[in-house]
Amino acid sequence: MSKAVGIEPENICSYREYPAPQNCGWSSRLQEILPTHGQIGIEPTARREITDELRDYSMRTVSLVEQLRLVKSQAEIAMIQRAAKYADIGVERLIGSSYFGSSIAEGFAQTRSVSAKIIREVKDWDALTTKVLMATWGAPRSAMPHSVPMLQERLEVGPHVALVLTRVNGYSAESERTYFTSPPSSVAKTAFTAMMEARHRALAMIRPGVSCSELDSTVTAFLTDEGYAGEDMRLHRIGHGIGLGTHEGPWLAEGSFDRLDANMVISIEPGIYLKDIGGFRHSDTILVTESGYEMLTHYPTELEKLVITNWKPIERCKGWLLRHSLQLSTRNRFSRTVSEHDLLPG
């Protein structure tokens, strides 16, 4: 039997892997150690088949692992910073491959180049705990952030959202930007400005001790006053924690009991979603510091830097070859049935 770090061999109990013979599984070994009239703690994410095995115990739900993961060590922060660098590179590649009429497939194809860059540059690269997820949600699908974009969809009029989630050797980061492949309408400019102001207000509140619920409710109140009220225009909380998971505590949402503390890593991503137009959301990976915060992702946020109108002949040629090789349709499956001006808030 191998020795675990900090645990003596006599305190280690082994069992047969699933599916184990009768009386040889983990639950049988547990009953030998802890009488069934005792109390046992379980994580909220415990599977039903596990809790069924524990039905003879008095069970108490405790988010112990999540609480232990809330505040990051310096080593963890360094690993998240590394992942954040590649998340920004992913956004740069997505936007760099975009032009009016480009397909989702052309941006998604950039995943390979970001993955290859990580493999080349990360000396201790771990294949099992490294992953890159990146794609653009083109308008109007960008108004449905929890949908899955189709490869044949095109980037045309309206706000597109480039999303990149990276996990490098187990630690995650995210970077997202709203951008345009044609000049934005007045409706789009108004929504973009409101999203940016909501973001600035949230960032100004970040410091140890701040209520995560208050962060979300403050942004909700502001966007409501701006005319973007209701769950159909908001769809999700203002942010969440990042670390070993892409979504973990602390939860920046109304109803959360979490409070910010130094060395927590969070996202800030207030969103506005307008049906048949698209979504407006920047997202950054952010370190909470003793006096405020530090941005770990740094891709430009200003509207003038996120409007792509140049012709890009090389990218167009590559895009045609890719679409031809994948036999993708040349038509966008979405159509607009109302004018953007019909949906102007207020």
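Every number here is computed from the coordinates shown, using simple stated rules; none is lab data. Keep in mind that what you see is a predicted model, and the values were worked out from it rather than measured. Every residue, glycine among them, receives a Cβ derived from its backbone with ideal geometry; neighbour counts consider all protein chains shown.
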Would you kindly state how much longer the chain becomes between GLU43 and SER325 on full extension, computed as 0.36 nm times their sequence separation minus their alpha carbon distance, in nm to one decimal? 96.8 nm
The helix 212-225 Cα axis meets the longest alpha-carbon principal axis of the chain at an angle in degrees, between 0 and 90 and rounded to 10, of 20
Under 10 Å, Cα contacts only: if you run a Gaussian network model on the chain, which one of HIS282, HIS298, HIS146 comes out with the highest mean-square fluctuation? HIS146
log10 of Debye I(q)/I(0), alpha-carbon scatterers only, for the stretch 1-140 at 0.09, 0.16, 0.20 Å⁻¹: -0.56, -0.99, -1.19
Which one, PRO183, HIS200, MET144, projects farthest toward the positive side of the charge dipole computed for the stretch 73-326 from Cβ point charges (K/R +1, D/E -1)? PRO183
If you put +1 on each Lys and Arg Cβ and -1 on each Asp and Glu Cβ, how big is the dipole of the stretch 98-158 around its Cα centre, in Debye rounded to 20? 80
Ordered by number, the GluC sites (Glu not before Pro) in the stretch 1-100 that occupy a DSSP loop and have at most 14 other Cβ atoms within 10 Å are GLU17
Which trypsin sites (Lys or Arg not before Pro) does the stretch 32-129 hold that lie in a coil by DSSP with at most 12 other beta carbons within 10 Å? ARG47, ARG55, LYS123
Along its principal axes, what span do the Cα atoms of the stretch 89-236 show, with the longest given first and each in whole Å? 48, 43, 22
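Which value, to two decimals, describes the C-alpha radius of gyration of the stretch 242-306 once divided by 2.2 N^0.38 Å?
Relative to the rule-of-thumb radius for its length, the stretch 242-306 sits at 1.30.
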I'd like the distance between the alpha-carbon centres of the stretch 276-323 and the stretch 170-211, rounded to an integer number of Å. 11
From DSSP H assignment alone, runs of 4+ in the chain each adding -39500 (n - 2.57), the sum over residues rounded to the nearest 500 puts [θ] at 222 nm at -9500 deg cm²/dmol
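Among 228-234, 101-107, 245-251, how do they line up from the highest to the lowest mean number of other beta-carbon atoms within 10 Å? Walk me through the numbers before you get to the answer.
Numbers: 228-234: 15.3, 101-107: 23.1, 245-251: 18.4.
My ranking of the peptides, most packed first, is 101-107, 245-251, 228-234.
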Treating the beta-carbon of each Lys and Arg as +1 and of each Asp and Glu as -1, no other charges, what is the dipole magnitude of the stretch 73-326 about its Cα centre, to the nearest 20 debye? 1060
